[in-house]
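Asks: Below is one structure. I have some questions about it.
The values are calculated or read from the model by the stated rules, or taken from the named source; none is laboratory data. If you're wondering where the values come from, they're calculated on a predicted model, not measured in any experiment. Cβ: placed from backbone, ideal geometry, glycine included. Neighbour counts: every protein chain shown. Side chains included, ligands, DNA and RNA excluded: accessible areas come from the protein's heavy atoms. Shrake-Rupley method; radii C 1.70, N 1.55, O 1.52, S 1.80 Å.
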Amino acid sequence: MTIAQDAASIPTTTAPDRLRPVRIWLYVMAALVLGMVVVGGITRLTDSGLSITSWKPISGIIPPLSDADWQAEFDAYKTIPQYEVLNSWMTLDNFKAIFFWEYLHRLIGRLLGFAFLAPFAVFLLQRRLPRRLAWPLFGLFVLGGFQGLLGWWMVTSGLTQLTSVSQYRLAAHLCAASLLFMALVFVPRWLKPGALSGIVLPRHFWSAGILLALIFIQIGAGAFVAGLDAGMGYNTWPLMDGSIIPNGLGVIDPWWRNLFENALTVQFIHRCIAYLVVLYLGLLIWRQSRTEGFLGVHGWLTRLGLLVLVQVALGIATLLNFVPLSLAIGHQAMAFMLAGAVVAYLADMVRNRQNLEAVI
């Protein structure tokens, strides 16, 4: 028996009531992950991520409370290259400002763990969760814990030699967060009761899956842009450095390092993936308009079209304005919301097929 069949086996008069708290809980968890991503983006843009040089999963929840505590944290920060090379001018008050964002980022991470485990335990005791759903949900908790380890692994890359974190580790951290967010959107959407209209064929799954893969890759590419501060240069559009295809894309040897370490190439790739997403989604919308139309589940395509246009506008505005904090954070958050919308579309298609199979 599948998870969906387990959930469906609950009588229809009680299934919505029994699973509704679970769905709300998972949506709240997704919102917390999105909030953590936003705070993480602010941490990166304000160069605050290296302000806490130690990892204390339990005791670290208590911030510095005395002048001596603050001075100890500041002295630890003074030992890393970022302070010595870039921030030797800092006073303790300046340090407190960047410490705040990194502390808040870690605090939300701890809150995520508690906000997951406590309701999860309650739902298990209430026997509200079907057995086959409990283990996958616990897997999400493990993924969240792994995300915390990735975050510390990322921070360690900037404590000895670099003046900021490694863009490779930043990309791993952000991509893991996006996977967690997408899973937290998919599961409650999938468990939502009620029939869905619309003709869903295997090609619809493949088409949406490819779109989701492109957006996931684009999130990773955006992390490399952020890690290299690549958005601070080449602030024109549609031309880049005066050309459609700029010179200097392959100046680093071996060539593959340009894809991840050349700021010009990294920004160019990010632009190209954006164009590909727009063209591909436009093709999906055009094809759907010529075949089954946008009734029922496929209404997601028009919403996705609007979200992509907003995201492109945010990206261009962020670039042209030299990456202001508000626009950059909006751009990053919108990328996650766009991925979440595609995941919701996929989940609705799964529900549509399950309802059809139940009727047959």
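Asks: Does Phe268 satisfy the condition of being open to solvent by 50 Å² or more (accessible area, probe 1.4 Å), under 26 Å from Arg169 (Cα atoms) and not acidic (Asp, Glu)?
Replies: no
Asks: All but one of (1) under 24 Å from the mean Cα position of the chain (by Cα); (2) more than 18 Å from Phe181 (Cα to Cα); (3) aromatic (Phe, Trp, Tyr) hold for Phe120, so report the exception by its number.
Replies: (2)
Asks: Criterion first (in contact with a Lys or Arg (Cβ under 6 Å, 6 or more places away or on another chain), open to solvent by 30 Å² or more (accessible area, probe 1.4 Å) and hydrophobic (A, V, I, L, M, F, W, C)) does Leu196 satisfy it?
Replies: So Leu196 fits the description; yes.
Asks: Which of the following residues is open to solvent by 30 Å² or more (accessible area, probe 1.4 Å) and under 28 Å from Met36 (Cα atoms): Phe181, Phe186, Phe224?
Replies: Phe186
Asks: OK, next. Could you please find all residues in the range 53-91 being within 15 Å of Leu162 (Cα to Cα) and open to solvent by less than 50 Å² (accessible area, probe 1.4 Å)?
Replies: Listed by number, the residues that qualify are Thr53, Tyr77, Ile80, Pro81, Gln82, Tyr83, Asn87.
Asks: Does the range 275-285 include one or more residues that are assigned to a helix (DSSP H, G or I), at pLDDT below 95 and exposed (fewer than 13 other Cβ atoms within 10 Å of the Cβ)?
Replies: No, every residue in the range 275-285 fails to be assigned to a helix (DSSP H, G or I), at pLDDT below 95 and exposed (fewer than 13 other Cβ atoms within 10 Å of the Cβ).
Asks: Same structure, new question: May I ask you to say which residue of Gly198, Gly233, Gly209 is farther than 17 Å from Val33 by Cβ and either under 15 Å from the mean Cα position of the chain (by Cα) or at pLDDT 95 or above (or both)?
Replies: Working: Gly198 fails: either under 15 Å from the mean Cα position of the chain (by Cα) or at pLDDT 95 or above (or both); Gly233 fails: either under 15 Å from the mean Cα position of the chain (by Cα) or at pLDDT 95 or above (or both).
It is Gly209.
Asks: Can you name the residue in the range 228-256 that is open to solvent by 80 Å² or more (accessible area, probe 1.4 Å) and assigned to a helix (DSSP H, G or I) and is also farthest from Arg44 (Cα to Cα) among such residues?
Replies: Trp255
Asks: Could we say that Ser207 is touching a helix residue (DSSP H, G or I) at 6+ places or on another chain (Cβ under 9 Å), assigned to a loop (DSSP other than H, G, I, E, B) and either small (Gly, Ala, Ser) or more than 26 Å from Pro21 (Cβ to Cβ) (or both) here?
Replies: no
Asks: If you don't mind, there's one more thing I want to ask. Only residues in the range 278-307 that are in contact (Cβ under 8 Å) with a residue 24 or more places away in the chain count as the first member; pair them with residues that are among the polar types (S, T, N, Q) and not in a helix (DSSP H, G or I), Cβ under 8 angstrom, at least 6 apart or cross-chain, and list the lot.
Replies: Close Cβ pairs satisfying both conditions: Leu295/Ser197; Gly296/Ser197; Val297/Ser197.
Asks: Within 14 Å of Gln218 (Cβ to Cβ), in a helix (DSSP H, G or I) and among the hydrophobic types (A, V, I, L, M, F, W, C), is that true of Ala339? Walk me through how you get there before you give the answer.
Replies: Numbers: within 14 Å of Gln218 (Cβ to Cβ): yes; in a helix (DSSP H, G or I): yes; among the hydrophobic types (A, V, I, L, M, F, W, C): yes.
Taking the combined requirement at face value, the residue satisfies it.
Asks: Which residues, taken from the range 261-297, are within 15 Å of Leu212 (Cα to Cα) and in contact with a Phe, Trp or Tyr (Cβ under 8 Å, 6 or more places away or on another chain)?
Replies: None - no residue of the range 261-297 is within 15 Å of Leu212 (Cα to Cα) and in contact with a Phe, Trp or Tyr (Cβ under 8 Å, 6 or more places away or on another chain), so the list stays empty.
Asks: With respect to the numbered conditions (1) in a helix (DSSP H, G or I); (2) exposed (fewer than 15 other Cβ atoms within 10 Å of the Cβ), which one is the sole condition not fulfilled by Thr160?
Replies: (1)
Asks: Hey, another quick one. So, of the residues in the range 163-174 that are surrounded by 18 or more Cβ atoms within 10 Å (Cβ to Cβ) and in a helix (DSSP H, G or I), which turns out to be nearest to the chain's Cα centre (by Cα)?
Replies: Among those that are surrounded by 18 or more Cβ atoms within 10 Å (Cβ to Cβ) and in a helix (DSSP H, G or I), it is Leu174.
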